[in-house]
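So the structure is just underneath, and the comments pick up after that.
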Amino acid sequence: MRRLIPVFLLIFISSSFSHEPIFGLGPGTIFKGGIGIEAEYERNEKEEGVATEVLYGLTEDISLTLRAFNGTKGFQSYGGRVKFRLWKRYAPGRIDALAVIVGVNHSVEKNISYGIVGTAVGHESRRWYFFADIRKGDKFYIDGAVGIRPWLTEYLKPDLVLLTELNYESEGDYNVYFLSPAFFFTYRNVAIKGGIQIPVKSEGQVKDVEERSAFSVEIHF
């Protein structure tokens, strides 16, 4: 029986949701043929509204995400991205992975399109989570996150992970740093997650950088 425990732990991690950062990106992909639907409320200093995402697993290591955002000013943006998990390592009770992300997004308000390119690395275990990513889209982003599962629950039981993120973004002549507490709660194939981005430092010509928030519900099929 003891020999089976590491196997059970590995199944727990690889079968459950990928507990990725709320404001950054992680290397996790959905299983082949899997479908995920997410509705996320987002608020920043310029706009608030609901982003809808549809995730599809082309293979175990390649997933496609389509995204659209509808705000108080109307339909704002749409686009898609592909995540390719280049490397993964399974060990009893843990997963390490590295992925690249490419995509495109179109701003309806500004009538411009821009490419998205980046890379993400992550470590997931029964207790601890670590993530980092760097990407370029409408802005330049660098993110890091650490997470902990305060209570080790069994698979198919309600599960909570608490996250602390450090986020950096740059556009033109300004730079902003954020500290972002967040959570990720899952029960079977449903995930509820949310967080707050708190600006802690700004440089250059920064205008009206305020707290931001996100809250979402995601279902996998």
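The values are calculated or read from the model by the stated rules, or taken from the named source; none is laboratory data. Quantities reported herein were computed from a predicted structural model and do not represent experimental measurements. When we count neighbours, we look across all protein chains shown, and the Cβ atoms used for this are built from the backbone with ideal geometry, even at glycine.
Being in contact with a His (Cβ under 6 Å, 6 or more places away or on another chain) and on the phi < 0 side of the Ramachandran plot is true for just one of 113, 170. Which residue is that? Before you say what the answer is, go through the steps one by one.
Details: 170 fails: in contact with a His (Cβ under 6 Å, 6 or more places away or on another chain).
Checking each option against the conditions leaves just 113.
Quick one: would you say residue 98 is touching a Pro at 6+ places or on another chain (Cβ under 8 Å), among the aliphatic types (A, V, I, L, M) and closer than 22 Å to residue 212 by Cα?
Working: touching a Pro at 6+ places or on another chain (Cβ under 8 Å): yes; among the aliphatic types (A, V, I, L, M): yes; closer than 22 Å to residue 212 by Cα: no.
For residue 98, the condition - touching a Pro at 6+ places or on another chain (Cβ under 8 Å), among the aliphatic types (A, V, I, L, M) and closer than 22 Å to residue 212 by Cα - is not met.
Considering only residues that are among the hydrophobic types (A, V, I, L, M, F, W, C) and either within 29 Å of residue 73 (Cβ to Cβ) or in contact with a Gly (Cβ under 6 Å, 6 or more places away or on another chain) (or both), which ones fall in the range 89-133?
Step one: list which residues in the range 89-133 are among the hydrophobic types (A, V, I, L, M, F, W, C), which gives 91, 95, 97-102, 104, 108, 112, 116-117, 120-121, 128, 130-132.
Within the range 89-133, 97, 101, 102, 104, 108, 112, 116, 117, 120, 131, 132 meet the criteria.
Do any residues in the range 201-214 that are over 12 Å from residue 169 (Cβ atoms) and modelled with pLDDT under 85 have Cβ atoms under 9 Å from those of residues that are part of a strand (DSSP E or B) and aromatic (Phe, Trp, Tyr), where the two are at least six apart or on different chains, and which pairs are they?
205/174; 207/174
Quick one: is residue 60 closer than 30 Å to residue 198 by Cβ, of a type outside the set (A, V, I, L, M, F, W, C) and at pLDDT below 95?
In short, no.
Scan the range 89-111 residue by residue and report those that are in contact with a Leu (Cβ under 8 Å, 6 or more places away or on another chain) and at pLDDT 95 or above.
Answer for the range 89-111, where residues must be in contact with a Leu (Cβ under 8 Å, 6 or more places away or on another chain) and at pLDDT 95 or above: 98, 99, 100, 101.
Six or more apart or on different chains, Cβ atoms under 6 Å: show the pairs whose first residue is in the range 109-131 and farther than 18 Å from residue 80 by Cα and touching a residue at least 40 places away in the same chain (Cβ under 8 Å) and whose second is surrounded by 14 or more Cβ atoms within 10 Å (Cβ to Cβ) and among the basic types (Lys, Arg).
125/94
Condition first: exposed (fewer than 14 other Cβ atoms within 10 Å of the Cβ) and in contact with a Ser or Thr (Cβ under 9 Å, 6 or more places away or on another chain). Now tell me which residues in the range 111-147 satisfy that.
Within the range 111-147, 113 is the sole residue that qualifies.
Which one is surrounded by the fewest Cβ atoms within 10 Å (Cβ to Cβ) among residues in the range 158-196 that are under 13 Å from the mean Cα position of the chain (by Cα) and of a type in the set (Phe, Trp, Tyr)?
So the residue we want is 183.
Evaluate the following for residue 14: is it modelled with pLDDT under 85 and either in contact with a His (Cβ under 8 Å, 6 or more places away or on another chain) or surrounded by 14 or more Cβ atoms within 10 Å (Cβ to Cβ) (or both)?
Working: modelled with pLDDT under 85: yes; either in contact with a His (Cβ under 8 Å, 6 or more places away or on another chain) or surrounded by 14 or more Cβ atoms within 10 Å (Cβ to Cβ) (or both): yes.
Against the criterion (modelled with pLDDT under 85 and either in contact with a His (Cβ under 8 Å, 6 or more places away or on another chain) or surrounded by 14 or more Cβ atoms within 10 Å (Cβ to Cβ) (or both)), residue 14 qualifies.
Across the range 23-52, what is the total count of residues that are in a strand (DSSP E or B) and either surrounded by fewer than 18 Cβ atoms within 10 Å (Cβ to Cβ) or of a type in the set (Gly, Ala, Ser) (or both)? Steps first, answer last, please.
So in the range 23-52, the residues in a strand (DSSP E or B) come out as 35-43, 48-52.
Okay, now just the ones that are also either surrounded by fewer than 18 Cβ atoms within 10 Å (Cβ to Cβ) or of a type in the set (Gly, Ala, Ser) (or both), so 35-37, 39, 41-42, 48-52.
Residues meeting the conditions: 11.
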